[in-house]
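The values are calculated or read from the model by the stated rules, or taken from the named source; none is laboratory data. Everything numeric here is computed off the predicted structure, so don't read it as measured data. Here Cβ is always computed from backbone atoms with ideal geometry, including for glycine, and neighbour counts include all displayed protein chains.
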Amino acid sequence: MVQDLKSMSMWAKGAMTLFAAFAIYGAVSLGIMVADRQPPIFYIKASALSVSVPQGGTIEVEFEVERSRICSSTVKRWLVDSAGTRHSITNFTVGSNLKKGREVYQRSITIPANAAVGTAYYEVKLEFACNVIQRLGWTVKVNAPHIKFEITPSTSLVPFQPPVFESMD
């Protein structure tokens, strides 16, 4: 074996050294990406800005977060009513100029008209992909704190009475 190394050309020795360096670099990089499980966001506070909302109404919620880095994400949101029914909340937008650091932001949630009256909570689940391994399916999962509030019966208006037309006979 030693004799084989001595007889190798300088080019072959350099290629083996380069290959070994790339292999070590790849293994270290892969290890770092696999070990990267730190959530890129931490919730400091989450609350509803009012204590109750009627069925079909809108409630504002406020989040205070600390972002350590910006990563691509998938957000799933639900309202869970007092009957335990999970309603998907779809009217959601994310700002395009997210920045690292502390942020306070508000969102409006439209309560489904068929949500049960009583105590409900708003639930948000996020999945972050910050590196190649996470983009391949091993995302970092974060659950926002549940935001509780009361759903009250909807306020109905007196229905419009159509005019009565008298015949001209």
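Taken residue by residue, the stretch 2-23 has at least one member that is touching a Lys or Arg at 6+ places or on another chain (Cβ under 9 Å) and either farther than 29 Å from ALA113 by Cβ or not assigned by TED's automatic domain parsing to the domain that holds GLY137 (or both).
Sort out which residues of the stretch 96-132 are touching a residue at least 40 places away in the same chain (Cβ under 8 Å) and aliphatic (A, V, I, L, M), and write them in order of number. Passing the criteria: VAL104, ILE109, ILE111, ALA113, ALA115, VAL117, ALA120, VAL124, LEU126, ALA129, VAL132.
It is to be established whether one or more residues within the stretch 48-63 are surrounded by fewer than 16 Cβ atoms within 10 Å (Cβ to Cβ) and within 20 Å of GLN134 (Cβ to Cβ). So far as the stretch 48-63 goes, no, none of its residues is surrounded by fewer than 16 Cβ atoms within 10 Å (Cβ to Cβ) and within 20 Å of GLN134 (Cβ to Cβ). Of all residues in the stretch 35-52, those satisfying the criterion of being over 22 Å from GLU127 (Cβ atoms) and part of a loop (DSSP other than H, G, I, E, B) are LEU49, SER50, VAL51. Restricting the first member to the stretch 31-45 and to residues that are surrounded by 10 or more Cβ atoms within 10 Å (Cβ to Cβ), and the second to residues that are hydroxyl-bearing (Ser, Thr, Tyr), the beta-carbon pairs closer than 6 Å and six or more apart or on different chains are PRO40/SER68.
Residues in the stretch 63-80 that are basic (Lys, Arg) and touching a residue at least 40 places away in the same chain (Cβ under 8 Å): ARG69, LYS76, ARG77.
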